[in-house]
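Each remark here refers to the structure printed beneath this line.
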Amino acid sequence: MAYWTHYHSPQTIEETLDVLTRYEGRARMIGGGTDLILDMQQGHHPPVEALVELARIDGLKDITEEDGFLIIGGAVPHTQLVQDARVARYGTCLVESCGVIGGPQVRNVGTLAGNVAHALPAGDGTIGLLALGGDVEIADADGLRWVPMAEMFLGPGRSAIDSTKAFISRLRFPKTGEHEGSAFRRVMRPQGVALPMISMAGRIRLTGETVESVRISIGPAGPTPFLAEKTMAFLAGKKSSDAVFAEAASVASKEASLRTSKHRASSEYRHEMIRVQLPKVLAKAAERARTGKAAPEGVGL
Amino acid sequence: MSLLKLTINGKPIEVDVPQSRTLAQVLRYDLGLTGTKIGCNEAECGICTVLVDGTPVDSCIYPAFKAQGASVETIEGLSRNGELHPLQQAFLDHGATQCGICTPGLIMTAKALIDEKKAAGEEVTDRDIKIALKDTYCRCTGYQSVISAIKAAANGDVQPYIPEAKLAGDIIGHSRPNPDAVSKIKGTALYTSDYAFPGMLHARTKRAGISHGRIKSIDTSKARALEGVRAVLTHEDVPGSKLHGLVTTDWPALCFDKVRYSGDAVAIVAADTADIAAEAVNLIEVEYETLPAVLNPIDAKKPDAPLVHDDRPDGNLLKHIKVRKGQVEDGFKDADVIVERTYRTPMTEHLFLEPECSIGVPKGYDPSQFGGEMDPDAVRGVKARHGKVTVYCGSQIPYADRDQTAACLGLENEEVRIVATLMGGGFGGKEDCAAQIHVALLAQKTGRPVKMLYRRDESLLFHPKRHATVIRIKTGAKKDGTLTAVEAELYGDGGAYASLSEKVMTRATTHASGPYDVPHVKVDCFAMYTNNTPCGAFRGFGVTQSAFAVESNMDIVAEELGMDPIEFRRRNALDVGKVTCTGQLMRESVGLKETIELVVADMKAHHGSKGEEFRWQWEEGPKKYAWGIGLAYKNTGLGGGAPDKAEAIVEMWLDEDEGVITEVRTSSAEMGQGLPAVLSACAAEELGLPYEKVRVLLGDTDFCPDGGPTTASRQTYVSGNAARNAAKSMRALLAGIAANRLGCSPETLVFKDSKIHADGTSVCLADVLTWAKEDGMETKVSYEYWAPKTKPLGTGGAMHVAFGFGTQAALCEIDTETGKVQVIKVVAAHDVGRVINRMTLEGQVEGGIVMCLGNALTEHFVMENGVPWTNVMARYKMPSIKHTPEIISHFVEHPTNDGPFGAKGVGELSSIPTSPAIANAIYNATGVRVMSLPVDQDTLLMAMKNGDKEVLVGWGDYDPVPVLPKTETVPA
């Protein structure tokens, strides 16, 4: 079966939107296409009349800095992002999360924009960007506008972006500055499920040894990528210490909805992983905040 | 259609293709670059990797027009002017290719890594390789040779790891690549799906989708009406036997009364394209009366269980297999310690990276009718002729395919020809007929070649798996560590059709007391029909399952005795003069104790190299480490009274261009295990020829005599003997001719260096062949080798011609924070009788170890209510390069009298003891004993936290887990 009949490679955002308009809902945007094409082949998504790729749109393959933000073009493949020294420095957890997506061949093609638009509750890049406080730039007939990531997710695999009409043109996050750091960890099941048992990311800002502010994302912990706001509130103003991070983990463990998903992980195991892994994530982020050194870990493993 | 412009391997091309194409499709189907393989179509296995502007991508899901204007590199572009690329040469030298289907993907992925590192002026490390090749899978090699090959190509001066052979001849015992390795490494090797015939149609199968139902009606009218459909066949169109099967004829070619598992074939369609055929399949309407299904072997044995086959006298019982030795009650009376436990093993999947493919070519086919000249027959050096219906397929048993196809077509066996092509892995999963019968039916119906290539999901759904088992085992021993008795009860889930269940479960049963001298043994095994996917042959053939139970119990008994587990095994190990549980006296070739000592020495050396004493277990931070040990034995050959023979032809002739050609022909299967290397070596050694000068033709039933099934670790022994003896006959023939001309006695002649040496003189073989022609003598001999007779189970005689023996120790790391288990190192020693080819043998050993590591830690084919949950490759994890441990292996050579040069079978042996060694290591590290496989880190961690001593780990095949009935008193 032909999963798509036409393939378009527009060069500008306007041209892209024109193509989408012309197909009246029968065309879909793709970044690398690594999610959508699999979904179509496996019968989870009906065939489409046309695929429209982002890859050749001017400027969308760039990573730039602007007004304290790091801006990732919608067509930037994971590999490019992971190898970028600025992302490593200003958004370490994003490198760590995008660096473990799929294998190298998939990372060479798949994009962060596609990962976010796919809206899986435990999409690695999504969890990383959510902790950083990312925004997405949506391009549609109304033009371009920035939307906070948290407003993007409607349910498992459902985002506010209708890929037959709109796409993510760019993503951004405020760069971690002085006294700031971030980190990501995940636990995979060795048997066959391509999704993590649990993943989590944290961004922390210290004043001296005190947690000034923190953002924590966890997935899967509900139908959408989860921001652990109670845990964040608990931590604010507390001392940065292993004991406090352990307490934070128990808050997070209560706040997050950690279900048993068959063939993937038990609820008990997920709670245990938050207890064990979240303090490590926070401690690593805090260490990076203290030292100003951020060498991403675990990339490609 | 649109114009696609690419630069492929440095050459600009333009091709007019539909925009719906993937890059892999353009390369393979539009440009004929079939070196790029498709394994899964879901970006999982990585064997389709090509480089787009230097970057590795999975071409199977890469839209071709995404590459518009790009530079694409494929395997075909690597060798220049006939010279292998250094990476290809390294793969050859290190034995890093076996079946070869993944080789192009591995090489292309590695090339990108080396290019990148070279540009950065950096060395390539093991870690780099494990990251870069994380998602480029190989099912055969176990990756160790792949890693060393890549390092050698990148950094130079890396020697392949290949253990020494102690006994060596001119050819035998040395390292040589499989004869077909170069073509696999260059991407020119042809697998079934690489063949294309002019006028070829494409076929698809309508499958049941439900686990049990009575067929009320089949309506194919809409499918027939679809444009481009050439034939739609149901059971009514099967002219001959409606059933086929290897041991029991119970498997419908196309279902007629009932469907018995979700993968059952109900109808087949041939159409102009595979897409049209798929659409037509969706238009076929089948009405069923849904029947209650039986979904596990224990329920299947209950008196009120639904019947899978309505007409069998024993209901769902396929076979009750018994082993009796001594009086087991007496044995337990003598025991000071008795340990009884129940173990479970899951259904597992071969995951050969080449999905099944068959091409049927009708009788009388003429390619010119379809405007074509190309006929793949020519590729095999054989003149094209289609005097009979021919099936091209990757087959482990070409003659059985032929006979089953002929029966269903209502033809004589000789009216069907099977051409076994190269096979992208088999491991037992390509013994039953896949679409062989179907394509023959469709080809005859349409008068055109018909290709049936299974999608990965269909392959997962259809083909027989490794049996899920429930094994209760009771082991008794005296205080001094002497085993007194073993009693076991096994339930095997045979699925919907018999396949090789009876044989597999027999092997599980006869090996259920382990490679030990046990005076009293009683084993009962129930091979049951269920409505699950059929189960059949899988490397290890039942012994992989029972060994997990046997070796786990051995460790428990040793602990209860307060005895070192190695000492306990040493004390009971089989040896010459001992008797197996089936009553076979071991007369020779039992190197088990030597394998134990070699492994123990390596375990000690591991610590000694760090200046430490040997320790079974220790901790470092949150990580626990421990060794675990497992022993195994595995029969060579069919045994059990089954006649076991192979026939081989050796022919020599003088070719105008190539000079003397020596060819060995037999219909045995090469699926990566290295059979051609064995056959070449056996013939070359006898004829005094260089190894490279003996070529091998396998699996064409019109040209090659029957080599029997490629199963039971039998080919080296049986076909090796056939080839060797045929070569000996050839030598006698040539010696006679030469002696006649030289006026000497044939016994005085020596064959060496492609010459025949007489006292003070020598003649080259070309001259002798010329003399033979002048004398009107045919230089073609065949030899039918019959393995020594064996005795059926229950008669107490020699059930098998020989056994291979092995010991493995696994060093595992367990993360106490996550429960994750990593195998760090495996040390292994195997008694193989005699090493024929060190390189290909080591490849078998390493591949078997890593496959068995997967059996312990990652692999689980999950059925839910009779339908596979594991319906995509992403839901089945075989070991990747990340999982591969350091492997140190040794060969023990206790020659067996009747083996070729003393060799025994080895294909399965190494894939048996690894799982229990890992399970024992986990216990030694954590105090938690896993009672089922695969080990689930979730459950393991929770057990560690909760202080549980024994756990059933993971999401079982059966939910809830069936409980064994109270032990029945089975009459002896």
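Values as computed for the structure displayed
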read-out	value
Single residue of region B:61-84 satisfying the filter (closer than 14 Å to residue B:188 by Cα and touching a residue at least 40 places away in the same chain (Cβ under 8 Å)) that is most open to solvent (accessible area, probe 1.4 Å)	B:76
Filtered residue count, region A:20-51, keeping only those that are among the β-branched types (Val, Ile, Thr), within 13 Å of chain B (Cβ to nearest Cβ) and more than 21 Å from residue B:40 (Cβ to Cβ)	1
Residue within region B:35-51 that is more than 8 Å from chain A (Cβ to nearest Cβ) and in a strand (DSSP E or B) present	yes
When residues of region B:216-261 are limited to those that are in contact with a Pro (Cβ under 9 Å, 6 or more places away or on another chain) and in a loop (DSSP other than H, G, I, E, B), the one most open to solvent (accessible area, probe 1.4 Å)	B:242
Enumeration of residues in region B:108-150 that are within 14 Å of chain A (Cβ to nearest Cβ), assigned to a helix (DSSP H, G or I) and small (Gly, Ala, Ser)	B:110, B:112, B:119, B:132
Yes/no for residue A:102 being open to solvent by less than 20 Å² (accessible area, probe 1.4 Å), small (Gly, Ala, Ser), within 14 Å of chain B (Cβ to nearest Cβ) and closer than 25 Å to residue B:938 by Cβ	no
Close pairs (7 angstrom Cβ cut-off, 6 or more residues apart or separate chains): part of a strand (DSSP E or B) in region B:779-793, among the hydroxyl-bearing types (Ser, Thr, Tyr) anywhere	B:781/B:729; B:783/B:729
Failed item, numbered, when residue A:257 is tested on (1) touching a residue at least 60 places away in the same chain (Cβ under 8 Å); (2) touching a Gly at 6+ places or on another chain (Cβ under 7 Å)	(1)
Any hit, region B:891-900, residues being touching a residue at least 24 places away in the same chain (Cβ under 8 Å), touching a strand residue (DSSP E or B) at 6+ places or on another chain (Cβ under 6 Å), more than 8 Å from chain A (Cβ to nearest Cβ) and open to solvent by 20 Å² or more (accessible area, probe 1.4 Å)	yes
Boolean, residue B:364 is at pLDDT below 85, out of contact with any strand residue (DSSP E or B) (no Cβ under 8 Å at 6 or more places or on another chain) and in a loop (DSSP other than H, G, I, E, B)	no
Of the criteria (1) assigned to a strand (DSSP E or B); (2) open to solvent by less than 10 Å² (accessible area, probe 1.4 Å); (3) in contact with a Ser or Thr (Cβ under 9 Å, 6 or more places away or on another chain), which one residue B:4 fails	(3)
Residues (at pLDDT 95 or above and either touching a strand residue (DSSP E or B) at 6+ places or on another chain (Cβ under 6 Å) or assigned by TED's automatic domain parsing to the domain that holds residue B:703 (or both)) located in region B:373-407	B:389, B:390, B:391, B:392, B:393, B:398, B:399, B:401, B:402, B:404, B:405, B:406
Single unsatisfied condition, residue A:25 versus (1) part of a loop (DSSP other than H, G, I, E, B); (2) open to solvent by less than 60 Å² (accessible area, probe 1.4 Å); (3) out of contact with any Ser or Thr (no Cβ under 6 Å at 6 or more places or on another chain); (4) modelled with pLDDT of 95 or more	(3)
Hits in region B:862-875 - residues which are facing chain A (nearest Cβ under 7 Å) and crowded, with 24+ Cβ neighbours inside 10 Å	B:870
Single residue of B:179, B:104 found to be assigned to a helix (DSSP H, G or I) and either in contact (Cβ under 8 Å) with a residue 24 or more places away in the chain or of a type in the set (Asp, Glu) (or both)	B:104
Every residue from region A:107-133 that is closer than 27 Å to residue A:270 by Cα and in contact with an Asp or Glu (Cβ under 8 Å, 6 or more places away or on another chain)	A:114, A:115, A:118, A:128
Test: residue in region A:52-69 that is in contact with a Leu (Cβ under 9 Å, 6 or more places away or on another chain), at pLDDT 95 or above, within 12 Å of another protein chain (Cβ to nearest Cβ) and within 27 Å of residue A:188 (Cβ to Cβ)	no
Breaking point among (1) within 14 Å of chain A (Cβ to nearest Cβ); (2) open to solvent by 20 Å² or more (accessible area, probe 1.4 Å); (3) at pLDDT 95 or above, for residue B:859	(2)
Enumeration of residues in region A:123-137 that are crowded, with 23+ Cβ neighbours inside 10 Å and closer than 16 Å to residue A:111 by Cα	A:123, A:124, A:125, A:126, A:127, A:128, A:129, A:130, A:134, A:136
Strands (runs of 3 or more DSSP E) wholly inside region A:92-186 that include at least 2 residues being over 26 Å from residue B:880 (Cβ atoms), modelled with pLDDT of 95 or more and assigned by TED's automatic domain parsing to the domain that holds residue A:73	A:135-140, A:143-148, A:167-174
Of all residues making up region A:245-297, the number that are within 14 Å of another protein chain (Cβ to nearest Cβ), of a type outside the set (Gly, Ala, Ser), open to solvent by less than 40 Å² (accessible area, probe 1.4 Å) and over 12 Å from residue A:181 (Cβ atoms)	12
Answer residue from region B:607-646, given it is assigned to a strand (DSSP E or B) and basic (Lys, Arg) and is surrounded by the most Cβ atoms within 10 Å (Cβ to Cβ) among those	B:634
Filtered residues of region B:560-594 (kept if within 17 Å of residue B:904 (Cα to Cα) and more than 31 Å from the chain's Cα centre (by Cα))	none
Subset tally (residues that are in contact (Cβ under 8 Å) with a residue 60 or more places away in the chain and over 23 Å from residue B:392 (Cβ atoms)) for region B:209-239	14
Residue among B:608, B:583, B:630, B:640 that is at pLDDT 95 or above and more than 27 Å from residue B:335 (Cβ to Cβ)	B:640
Qualifying residue in region B:456-477 (condition: open to solvent by 10 Å² or more (accessible area, probe 1.4 Å), in a loop (DSSP other than H, G, I, E, B) and farther than 21 Å from residue B:235 by Cβ)	no
Whichever residue in region A:10-19 is open to solvent by less than 60 Å² (accessible area, probe 1.4 Å) and either among the charged types (D, E, K, R) or in a loop (DSSP other than H, G, I, E, B) (or both) and, among such residues, is farthest from the other protein chains (Cβ to nearest Cβ)	A:12
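The values are calculated or read from the model by the stated rules, or taken from the named source; none is laboratory data. In this text the structure is predicted, and so the values were computed from the model without any measurement. Quick reminder, even Gly has a Cβ in these numbers, built from the backbone with ideal geometry, and neighbours come from all protein chains shown. Just the protein is used for accessible areas: all its heavy atoms, side chains included, with ligands, DNA and RNA removed. Shrake-Rupley method; radii C 1.70, N 1.55, O 1.52, S 1.80 Å.
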